[in-house]
1. Could you grab me the full set of residues in the range 62-117 that are among the aliphatic types (A, V, I, L, M), in a helix (DSSP H, G or I), over 18 Å from the mean Cα position of the chain (by Cα) and within 24 Å of Val148 (Cα to Cα)?
2. Just wondering, is there one or more residues in the range 46-55 that are in a helix (DSSP H, G or I), free of Cβ contacts under 8 Å to residues at least 12 places away in the same chain and under 19 Å from Val31 (Cβ atoms)?
3. Given the options Leu27, Leu44, Leu20, name the one that is under 22 Å from Phe124 (Cα atoms), among the aliphatic types (A, V, I, L, M) and either in contact with a Pro (Cβ under 9 Å, 6 or more places away or on another chain) or modelled with pLDDT under 95 (or both).
4. Can you name every residue in the range 122-159 that is touching a strand residue (DSSP E or B) at 6+ places or on another chain (Cβ under 9 Å), of a type in the set (Lys, Arg) and surrounded by fewer than 17 Cβ atoms within 10 Å (Cβ to Cβ)?
5. Examine the range 13-24 for a residue that is closer than 29 Å to Ile112 by Cβ, free of Cβ contacts under 8 Å to residues at least 40 places away in the same chain, surrounded by 16 or more Cβ atoms within 10 Å (Cβ to Cβ) and of a type in the set (A, V, I, L, M, F, W, C), and state whether such a residue exists.
Amino acid sequence: MFQLEDMISFFWAFFFVLPLVAFIHQLGHFVFVWMFGGKAIFILGRGNLLFKFGKFEVNQYYFLDSFCQYDNLKWDNRYTHALVYAAGSLFNLSSILIINLLIHKGFLQPHIFFYQFVYFSVSFVFFSLLPIKYSETHSSDGRSIYDVLKYGKSCSQLD
């Protein structure tokens, strides 16, 4: 049962853990764009700009959304684009495996933070890989992978 003392955990989850999971997801896209010689910007949140560090921006409502925009891949083909689209989920899956390994080996103790982190990471992977078209110009990572592999059609903005 959700009680008043659970509010601290609730706020911790939604204002720290969820943005951290989103950061790791977008970092995956960003790193793969960089590996394939492209240029990217990485934005965490919506609203007014809070701060900018190089190609990384954090906006006022940092906990609401995140995305990565890229262009000009040096190695520009359907497979490199598909890897860029999949990279967010690959980074989330890697972080889950690392956390579980560190707990299993005794370097970290089981804690609600890690449970929340893994829970949000799994949901990020699941929902990003569902092949959904949100609008004519915006698709999930899974749909973007499908479109680029089947039709050669790439998109430049990733959630």
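1. At the first step, the residues of the range 62-117 found to be among the aliphatic types (A, V, I, L, M) are 64, 73, 82-84, 86-87, 90, 93, 96-99, 101-103, 108, 112.
Then drop every residue that is not in a helix (DSSP H, G or I), which leaves 82-84, 86-87, 90, 93, 96-99, 101-103, 112.
Keeping just the survivors that are over 18 Å from the mean Cα position of the chain (by Cα) gives 101-103, 112.
Within the range 62-117, none qualify.
2. First, pick out the residues of the range 46-55 that are in a helix (DSSP H, G or I): none.
The answer is no, given that none of the residues of the range 46-55 is in a helix (DSSP H, G or I), free of Cβ contacts under 8 Å to residues at least 12 places away in the same chain and under 19 Å from Val31 (Cβ atoms).
3. Result: Leu44 is the single residue among Leu27, Leu44, Leu20 that is under 22 Å from Phe124 (Cα atoms), among the aliphatic types (A, V, I, L, M) and either in contact with a Pro (Cβ under 9 Å, 6 or more places away or on another chain) or modelled with pLDDT under 95 (or both).
4. Lys133
5. Residues of the range 13-24 that are closer than 29 Å to Ile112 by Cβ, as a first pass: 13-24.
Now drop any that are not free of Cβ contacts under 8 Å to residues at least 40 places away in the same chain, which leaves 16.
Next, from what is left, pick out any that are surrounded by 16 or more Cβ atoms within 10 Å (Cβ to Cβ): none.
So far as the range 13-24 goes, no, none of its residues is closer than 29 Å to Ile112 by Cβ, free of Cβ contacts under 8 Å to residues at least 40 places away in the same chain, surrounded by 16 or more Cβ atoms within 10 Å (Cβ to Cβ) and of a type in the set (A, V, I, L, M, F, W, C).
The values are calculated or read from the model by the stated rules, or taken from the named source; none is laboratory data. These numbers come from a predicted model, not from an experiment. No Cβ is skipped: glycine too gets one built from the backbone with ideal geometry, and neighbour counts run over all protein chains shown.
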